[in-house]
Amino acid sequence: HAIVMKRCDKAVPWLEQANAMTRGSNPMILNNLATAIVRSGARSPEDALALANQTLKLIPDHPDALSTRGEVYVAMKRWNDAVADLTEALKLRKDSLLVHQLLATAYQELSDPKMQELHLKRVEELSPRSPSD
């Protein structure tokens with residue numbers, strides 16, 4: 001719930017406790033912990049990357065785990081790695097606003113305006129409209 005409420009700093013300790021209780025065997029907890037760490041800056045992105053990799057060992061090629069690792073790679077400024085994971089995630093999550101936002105950022109940093117624009121257009125299409133629109 002804390003992640004949904006954008007309080008990732010509050011989520012980290014609870015997820016760490018849950019992860020300890022499951023001995024690192026629950027991919028949902030691992031993935032959520034990696035997400036909370038990268039979004040909160042509570043620990044280094046390398047810690048989040050280790051958790052994302054652990055998640056992908058348990059559930060290879062899962063789009064949520066790939067998008068999490070892609071988000072970690074964006075935080076680490078590993079643009080090519082981010083694009084690889086996020087592109088794979090997009091195959092099963094074509095309407096993921098977050099994945100398109102992350103890809104737009106990565107392509108901007110890779111100086112690929114054509115791909116950046118493609119994803120920015122998709123972000124605009126997927127973004128919720130206010131009632132006055």
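Taking 14 Å as the cut-off, the amide N atoms of region 29-64 that come nearer than this to a point 7 Å along the Cα-to-beta-carbon line of Ala18 belong to 29-37.
Using +1 on the beta carbon of Lys and Arg, -1 on that of Asp and Glu, and nothing else charged, what's the dipole of the chain about the Cα centre, debye to 20? Here the chain has a charge dipole of around 240 debye.
Using a cut-off of under 19 Å, list every residue of region 24-68 whose amide N is near the label point 7 Å from the Cα of Glu109 along the Cα-to-beta-carbon line. In region 24-68, the label zone of Glu109 (backbone N under 19 Å from the point 7 Å along Cα→Cβ) covers 34-53, 65-68. For region 1-131, the relative contact order comes to 15 percent (Cα pairs under 8 Å, sequence separation of at least 6). One quarter of the surface of the convex hull around the alpha-carbon atoms of the chain equals 8.5 nm², the direction-averaged projected area.
Loop-resident trypsin sites (Lys or Arg not before Pro) (DSSP state other than H, G, I, E or B) in region 48-79 with no more than 14 further Cβ atoms inside 10 Å of their Cβ: Lys77. Subtracting the Cα-Cα distance of Leu58 and Ser44 from their residue separation scaled by 0.36 nm leaves 2.8 nm.
From the largest down, region 63-102 spans 24, 14, 14 angstrom on the principal axes of its Cα atoms.
Computed from the coordinates by the stated procedures, all read-outs in this text should not be read as laboratory data. Remember, it's a predicted structure, so these values are computed and weren't measured experimentally. No Cβ is skipped: glycine too gets one built from the backbone with ideal geometry, and neighbour counts run over all protein chains shown.
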